[in-house]
Amino acid sequence: KITRTELTQHSVQLNCWIAYKGKVYDITEWLPKHPGSAGAIAPYCGNAEEFEKSFTKKHGTSQVQRLIAEEKLFY
């Protein structure tokens, strides 16, 4: 299991982990490919609640399957 402390250690664009619905994803490789720019997500690297809130506000559930399919799931 990934702890909150471990998640926060991956909080920069070149090492970006996020959490969504209790699962942690490494989105580092995909981040530069994000259609809305890496800068749109970078502030949420290493954060669980803020990423999920922002993701849901922007995409609802329309991009959840893409997130799950494209990123490396840790837990």
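The values are calculated or read from the model by the stated rules, or taken from the named source; none is laboratory data. All values derive from a computational prediction rather than experimental measurement. FYI the Cβ positions are ideal-geometry reconstructions off the backbone, even for glycines, and counts take in every protein chain you see. Surface accessibility is based on the protein's heavy atoms, side chains included, excluding ligands, DNA and RNA. Shrake-Rupley method; radii C 1.70, N 1.55, O 1.52, S 1.80 Å.
List of remarks:
- A simple spin-label model places pseudo-atoms 7 Å from Cα toward Cβ; at THR61 and LYS23 they are separated by 1.4 nm.
- Cβ charges +1 (Lys, Arg) and -1 (Asp, Glu), total dipole of the chain, debye: 200
- Those trypsin sites (Lys or Arg not before Pro) in region 19-73 that DSSP places in a loop and that have at most 16 other beta carbons within 10 Å: LYS21
- Per residue, the accessible area of the chain comes to 65 Å² when a 1.4 Å probe rolls over the protein heavy atoms.
- Out-of-range pairs (alpha-carbon distance over 24 Å; input LYS1/LYS53; LYS23/LYS53; LYS1/LYS33): LYS1/LYS33
- Mean separation of Cα contacts under 8 Å (6+ apart) over length of the chain, as relative contact order %: 38
- Helix content alone sets the calculated 222 nm mean residue ellipticity of the chain: runs of n ≥ 4 DSSP H residues at -39500 (n - 2.57) each, divided across all residues, give -9000 deg cm²/dmol.
- With a simple spin-label model that places each label point 7 Å from the Cα along the Cα-to-Cβ direction, the separation between LEU14 and ALA40 comes to 2.5 nm.
- Among the listed values [x] 0.91; [y] 0.94; [z] 1.01, the one computed from these coordinates for Rg/Rh (Cα atoms, Kirkwood Rh) is [x].
- Ordered from largest to smallest accessible area (heavy atoms of protein chains, 1.4 Å probe), the residues SER62, SER54 come out as SER62, SER54.
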